[in-house]
Amino acid sequence: MISRGATPTIGRVAGPVRHPLRAAPPLALALLAVCALLLAGCRREPQPPAGFQRIPREAAGAPRAYQIGFSALPAELTDAAYLASFDLAANYGELLLIQRAPAWADFMPGRSPSDQLNDATLRERAALQERGLQLLYALDPFDPADRGRLASPPPGYASKQLSDGDLRHAYVLNARYIALNYRPAYMALGTEVNATFERDPAAYRAFVEAYAEVYRAVREASPETRVFVTFQYEQLLGIVPWEPPHVPRWELLDDFAGRLDLFAITTFPSFVYQVARKVPPRYYSQLREHSSAPVAFAAAGYASSAGRDGLNSSTAAEQRRFLQRLLRDADELGAALVVWFAGRDPAFATQPPYDLLASIGLRTADDRPKEGWPVWEEAVRRPFDPSTPPVPQTPQPEQ
């Protein structure tokens, strides 16, 4: 039920393309930070379900260990387009990613969740349940434009971090509210947290300390929910073209030891490698060397057309090749989930830096399939069986 006023009960990767504009302010964002901005900016609560029509799915092919799905990023900034992202995820997957900043004001001391928040939660939960979707809920406390500060804190708290008692209290209660009311299958309590480390180590340390408390609160409220943070993979490896290179930061995983139910990454290698075949052979298989937790691709994507300033020098064929590679690696790793960030291209992503995501979808904004779509359809038809063992891989010929 809706809770009102609740209390908390590989080594170095070589060969990436370096871009001369690495210091340009519009590009000084980790990729998923940009994605989170888009999600925050286009938040639309679904209206009451209006007769969702499921497309029959005939099982075919070898079982897969991972659930598969998309984010709620819509093709347009309308309620209908937002709800259509739920439909696409349900008809061509099992999982939906919703990413939000905390509703700080609703959970500050002495406050209760607003009627607006409760109503939106009920509508969204009904839309998920009607479609039979599993939920990955990412509660992201940091500002996507500057991971060193919190996202939209209440008045008077703009300069504070999660070391502040009131903000920490609100973060814990908001996470608990989500756990109780959505019962998500998966919950990320911070996204691309290594970006916060790069931006402000003190803010990162305050988050790590708060995470231990909120992890306990979520697991108590919803024991079946798998809880974790996500790491932006290209930034973790130190190869994003708009930042100075650095050695991989694998040691950051130690800060969450015993509190990562999944080793979850976000990955968008088209911003580093202009063609899919340049992505190193062990790019993802090395993940197993650094954690015993199941691997999760919490958001992945590859551009299907060229972008400005030499970024996203890609094609629909390259996007298809990367998707094939991603799914093979997910089989090899016995991954828990694979989320392709955008099902459809976001038509509204026309201005920098959002335009870098304009061709990330597997379908166009007007819903025409791209070359990689049949690959996705084939993967969706494979029956989901979490007991499926990792699949040994053999080298694949270029296609």
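The values are calculated or read from the model by the stated rules, or taken from the named source; none is laboratory data. Treat the numbers as computed from the prediction; the structure is a model and nothing was measured. Glycine gets a Cβ as well: all are built from the backbone with ideal geometry, and neighbour counts include every protein chain shown.
Some points to look at:
- Where a residue in segment 100-120 is under 14 Å from Leu173 (Cα atoms) and its partner, wherever it lies, is among the acidic types (Asp, Glu) and not in a helix (DSSP H, G or I), with Cβ under 6 Å and at least six apart: Ala101/Asp140
- Of all residue pairs spaced 6 or more apart or on separate chains, those with beta-carbon atoms under 6 Å, a first member in segment 290-309 that is under 16 Å from Leu96 (Cβ atoms) and a second member that is at pLDDT 95 or above and of a type in the set (S, T, N, Q) are Ala298/Thr230; Ala298/Thr266; Ala299/Thr266; Ala300/Thr267.
- Boolean, Arg249 is surrounded by fewer than 18 Cβ atoms within 10 Å (Cβ to Cβ) and within 20 Å of Ala336 (Cβ to Cβ): no
- Looking across segment 255-299, the residues that are of a type in the set (Gly, Ala, Ser), over 23 Å from Trp242 (Cα atoms) and in contact with a helix residue (DSSP H, G or I) (Cβ under 7 Å, 6 or more places away or on another chain) come down to Ser285, Ser291.
- Given (1) within 30 Å of Val214 (Cα to Cα); (2) touching a Lys or Arg at 6+ places or on another chain (Cβ under 6 Å); (3) modelled with pLDDT of 95 or more, number of the condition Asp106 does not satisfy: (2)
- Candidate set: segment 96-135, residues that are part of a helix (DSSP H, G or I) and charged (D, E, K, R); chosen: the one nearest to Gly343 (Cα to Cα): Arg131
- Condition met for Gln235 (under 24 Å from Ala342 (Cα atoms), buried (at least 22 other Cβ atoms within 10 Å of the Cβ) and of a type in the set (S, T, N, Q)): yes
- Scanning segment 70-128 for residues that are of a type in the set (Ser, Thr, Tyr), buried (at least 16 other Cβ atoms within 10 Å of the Cβ) and more than 18 Å from the chain's Cα centre (by Cα) yields a count of 1.
- When Asp385 is tested against (1) of a type in the set (D, E, K, R); (2) touching a Pro at 6+ places or on another chain (Cβ under 6 Å); (3) farther than 23 Å from Val227 by Cα, only condition (3) is not met.
- Residue in segment 162-180 that is among the aromatic types (Phe, Trp, Tyr), under 18 Å from the mean Cα position of the chain (by Cα) and part of a helix (DSSP H, G or I) present: no
- Test: residue in segment 146-154 that is crowded, with 24+ Cβ neighbours inside 10 Å, over 20 Å from Val339 (Cα atoms) and among the hydroxyl-bearing types (Ser, Thr, Tyr): no
- Whichever residue in segment 332-370 is in a helix (DSSP H, G or I) and crowded, with 23+ Cβ neighbours inside 10 Å and, among such residues, is modelled with the lowest pLDDT: Leu356
- Residues (farther than 13 Å from Ala358 by Cβ and touching a helix residue (DSSP H, G or I) at 6+ places or on another chain (Cβ under 9 Å)) located in segment 303-314: Asp309, Ser313
- Elements of type strands (runs of 3 or more DSSP E) in segment 213-302, at least 3 residues being modelled with pLDDT of 95 or more and closer than 25 Å to Gln319 by Cα: 230-232, 263-267, 295-300
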